[in-house]
Amino acid sequence: MKHKKIWGILIAVLISLLIFIFRDSLANLQSYGLLGLFLLNIVGSATLFLPTPLFLTAFVAGSIYNPILVAVVASLGSAIGELTGYLAGYGAEDILEKDPKVQKVRGWMAKRGFWTLFLLAAIPNPIFDMAGFVAGATEVPVSKYLVAVWLGKLIKFAVIAYTGAHSVVFLDKFI
């Protein structure tokens, strides 16, 4: 069990490093339409603590494709990509288990974890990776984690995609 947790941390860090190293090549995914959007959101959300321009891709895609479809595709990819933070936290659980603050968070996450993850995923913020880390460390069930994150990101990407769609209409008035 201990080796499995160490592998969780190593895999999460390795994915982030590979994405950072090959970031220029990964930018070409946008030419693949909605499939490219899905893959970009997986990759962009899989980085630990490295910001990626996912807002821009969803904004532009919303001006080209159906915004509802963009929101669903982008949020699914993003929720899947966020599993790296969860994996890293799961792997670090043994390290953090002795910390009394983590034990307090564990109880809190058990009671309010779904809504916390949902809200943090729905609003743009730089701390979502930490929420995934804590969810993994406190062993929030993966299914609960994915549903909460996907629903929150669905709302966020819907707002972004609709803003992109309506920006074209707005700009057409001035061009």
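Going by the conditions given, is ALA135 of a type in the set (Gly, Ala, Ser), farther than 24 Å from GLY33 by Cβ and either at pLDDT below 90 or in a helix (DSSP H, G or I) (or both)? So ALA135 fits the description; yes.
Within segment 138-170, the set of residues being exposed (fewer than 15 other Cβ atoms within 10 Å of the Cβ) and under 14 Å from the mean Cα position of the chain (by Cα) comprises just one member, VAL142.
For (1) modelled with pLDDT under 75; (2) closer than 18 Å to GLY164 by Cβ; (3) touching a helix residue (DSSP H, G or I) at 6+ places or on another chain (Cβ under 6 Å); (4) surrounded by 15 or more Cβ atoms within 10 Å (Cβ to Cβ), each residue gets a yes or a no:
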site	(1), (2), (3), (4)
ILE21	yes, no, no, no
THR57	no, yes, yes, yes
ALA61	no, yes, yes, yes
ALA92	no, no, yes, yes
PRO100	yes, no, no, no
LYS104	yes, no, no, no
ALA110	no, no, no, no
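When the test is whether a residue is in contact with a helix residue (DSSP H, G or I) (Cβ under 8 Å, 6 or more places away or on another chain) and either within 20 Å of ASP129 (Cα to Cα) or at pLDDT below 75 (or both), ALA46 passes it.
The values are calculated or read from the model by the stated rules, or taken from the named source; none is laboratory data. Small disclaimer: the values here were computed from a predicted structure and weren't measured. No Cβ is skipped: glycine too gets one built from the backbone with ideal geometry, and neighbour counts run over all protein chains shown.
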